[in-house]
Amino acid sequence: MKLTSAIISLPSVGPAYTRRLEKLEIFTIEDLLLHVPFRYLDFRNTKKISSLIPDELATVGGEIISIKNIYTKWGRKLQLAKVQDRTGTIDVVWFNQPFLVKNLPEGTMVLLAGKIGWFSRKKTLISPEYEIAKTAPGVHTGRLIPIYHETAGVSSKWLRTKIALAYPLIKQGFEEFLPQKLLNSFGFLSLAQSIEAVHFPKSLEDAQKGKLRLSFNELLFLQLSSLYRKEEWLKNEAAYKLIVDQKEVEAFASSLPFTLTSSQTKATEEILQDLTNDFPMNRILEGDVGSGKTVVAALASFVSFSNGYQSVFMAPTQILAQQHYETLSKLFSPYKVRVTLVTSEGIKKDIGKTDVFVGTHALIHRKVDFDKVALVVIDEQHRFGVEQRAHLIRKVGSRKISPHVLTMTATPIPRTVALTVYGDLDLSALRELPIGRKKITTWIVPLKKREAAYGWMEEKILKDKVQAFVICPLIEESQVETFVQVKAATKEFDNLQKLMPKVKLGLIHGKMSLKDKNLAIENFTRNFTQVLVATPVVEVGIDIPNAAVMVIEGAERFGLAQLHQLRGRVGRSFQKSYCLIFAQNTGRNVATRLNALTRPLSGFELAELDLKLRGPGEVFGVKQSGFLNLKIASWQDSKLIKKAKEVALAISQNPNDYPELTKMLKDKGIAPN
């Protein structure tokens with residue numbers, strides 16, 4: 001058994017577990033050992049039964065002297081046991097684990113670790129971790145117990161058991177790839193020591209040291225990937241060198257039904273300057289929802305057309321592709337620019353040669369007549385895989401000529417993150433909304449005013465003839481306790497039909513067929529329905545100028561940047577618009593985050609704030625949440641990010657000084673061969 005062995009090679013891991021582990025991105029034994037805990041339970045407090053104190057965490061050892069299943073009048077099944085050592089006995093209770101009666105029969109010597117509480121007025125060990133007592137140190141008791149990110153059918157206990165089986169491979173299989181001098185200068189543990197420290201820590205400090213080194217590895221690989229992508233891109237031989245006729249560009253800009261903002265003008269100048277080079281542009285255009293990215297891309301596409309070349313727009317969904325097609329067709333109609341739509345449903349084109357292709361990933365798979373493509377625009381580029389992006393660029397290019405590439409994102413990314421993840425791209429940012437666009441009034445609605453808020457919304461829709469979105473985070477009510485109160489779109493749809501009988505409602509979510517999704521959007525676009533109940537599928541791609549009210553249920557479960565994007569689905573015209581935020585959990589931290597939406601902050605400012613407020617906890621904390629999650633490291637650790645960037649630059653400039661690392665990076669496909 002080796003680190004590269006498939007996870008199924010571990011004892012008692014069959015095809016079913018293999019499929020479950022794929023959801024945690026665990027495919028090999030190495031992946032398993034690099035699945036790092038996000039917190040620990042301290043069961044080092046080993047005590048005799050007679051000295052146990054209520055509310056403390058402790059580990060006890062003893063003999064099971066009785067165990068049985070008990071049925072409650074509510075239909076639940078309890079497992080009640082008594083355990084004794086030389087100093088006394090204690091009751092133990094588990095819930096809905098009937099197999100324990102067979103697994104832990106009377107006479108079994110066990111180790112139990114958990115919280116001491118009260119049950120039936122008796123001091124009781126409640127739902128403890130357990131394992132058969134052995135002479136070797138415990139895996140689930142008597143130490144700092146790692147808690148891992150789990151998935152259905154794969155618990156932390158299961159993961160701890162399998163990691164313990166793979167333990168010998170930690171020292172045998174993980175070879176150090178960083179020079180000892182560098183480890184010493186940063187005070188890092190070796191790779192093998194780090195992995196042992198996170199899974200089998202002797203102390204919290206030990207676990208933190210292990211996590212620090214593995215965090216550095218993750219950031220280093222990110223930085224190196226970015227540098228290598230940039231190097232590979234610069235190897236492209238040439239691009240079409242376009243001539244920018246300034247008078248034509250100004251005429252096109254003047255024909256628009258609005259005035260470009262200063263940010264749009266600056267971004268356009270940066271992009272057009274890139275198009276005049278004989279090497280391919282590789283630029284990302286960041287902009288808030290509604291900031292006008294499509295118009296900037298259209299100007300670049302117009303210059304490509306003026307030079308006799310084609311352009312290609314790729315969008316992540318058919319809804320967004322259709323919208324781009326309609327927008328570009330309207331913008332280009334005075335100039336006889338022929339626009340073709342390419343989706344899984346077919347190809348919609350004008351007569352004659354196409355000047356601009358717009359489509360989904362069907363652009364890659366369908367037979368399309370590309371001829372001299374000078375510009376590729378990829379919208380919401382993080383929604384596409386690296387291979388999809390590369391495949392499109394290869395398909396439209398030739399052996400000697402590569403297209404200029406502009407990627408766009410409405411996701412506000414903190415600067416620290418952008419410089420790390422998109423270090424290989426030049427960056428243009430739209431920081432302003434179009435002139436005349438009104439700010440969206442945002443209210444945090446308390447639970448007691450929820451029904452009144454929906455009454456206000458109904459009146460607004462009927463009186464002012466506007467439309468509204470209602471966003472719910474889950475499609476169906478979840479059985480998981482922490483999600484029980486989260487509104488499901490299907491249930492909310494039914495509720496609102498009763499609450500607002502005079503209003504026509506529509507429903508859209510990710511499990512619907514493409515045909516049904518398109519029908520829901522078409523009905524909403526044409527104002528056949530006045531309220532669209534949806535999951536966050538509307539986050540990207542729906543532009544309904546008449547939508548003036550946005551209601552977001554379960555808002556505490558979204559990041560600020562995502563809430564900001566959802567809010568941006570309204571206020572797309574010049575009418576007054578509103579966003580109503582509903583939250584089940586209104587604790588102090590949640591209130592601080594959500595109240596930020598009521599202040600005049602940009603998406604970028606909200607993303608930075610979210611990074612501070614929702615960043616990963618300490619070793620005893622919880623998983624970090626929000627956009628672009630790191631598995632181990634934290635985007636807040638600017639010092640470690642800086643260290644990783646410095647080392648990455650040194651490695652890329654002097655690869656011969658890091659032979660072990662260079663070989664490993666090539667083996668993993670991070671560095672080019």
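The values are calculated or read from the model by the stated rules, or taken from the named source; none is laboratory data. All of these numbers come straight from a predicted model, not from anything done at the bench. Heads up, the Cβs are rebuilt from the backbone with ideal geometry, glycines too, and the neighbour counts pull from every protein chain shown.
General observations
- Flag if S263 is in a helix (DSSP H, G or I) and over 30 Å from I401 (Cβ atoms): yes
- Failed item in (1) among the aliphatic types (A, V, I, L, M); (2) modelled with pLDDT of 90 or more; (3) surrounded by fewer than 17 Cβ atoms within 10 Å (Cβ to Cβ); (4) in contact with a helix residue (DSSP H, G or I) (Cβ under 7 Å, 6 or more places away or on another chain), with A152 passing the rest: (2)
- Summed over the stretch 647-661, the residues that are surrounded by fewer than 19 Cβ atoms within 10 Å (Cβ to Cβ) and in contact with a Pro (Cβ under 9 Å, 6 or more places away or on another chain) give a count of 2.
- Wholly enclosed helices (runs of 4 or more DSSP H) of the stretch 372-471 bearing at least 1 residues at pLDDT 85 or above: 386-396, 450-464
- Residue check, A152 in contact (Cβ under 8 Å) with a residue 24 or more places away in the chain and within 30 Å of E25 (Cβ to Cβ): yes
- The stretch 506-524 - residue that is in contact (Cβ under 8 Å) with a residue 60 or more places away in the chain and not polar (S, T, N, Q) and, of those, surrounded by the most Cβ atoms within 10 Å (Cβ to Cβ): I521
- Leading residue by the ranking (surrounded by the fewest Cβ atoms within 10 Å (Cβ to Cβ)) among those in the stretch 631-646 that are within 26 Å of T4 (Cβ to Cβ) and touching a helix residue (DSSP H, G or I) at 6+ places or on another chain (Cβ under 6 Å): I632
- The set of residues from the stretch 565-594 being out of contact with any strand residue (DSSP E or B) (no Cβ under 8 Å at 6 or more places or on another chain) and among the charged types (D, E, K, R) comprises R588, R593.
- Against the list (1) within 18 Å of S51 (Cα to Cα); (2) not assigned by TED's automatic domain parsing to the domain that holds I70, the condition K181 fails is (1).
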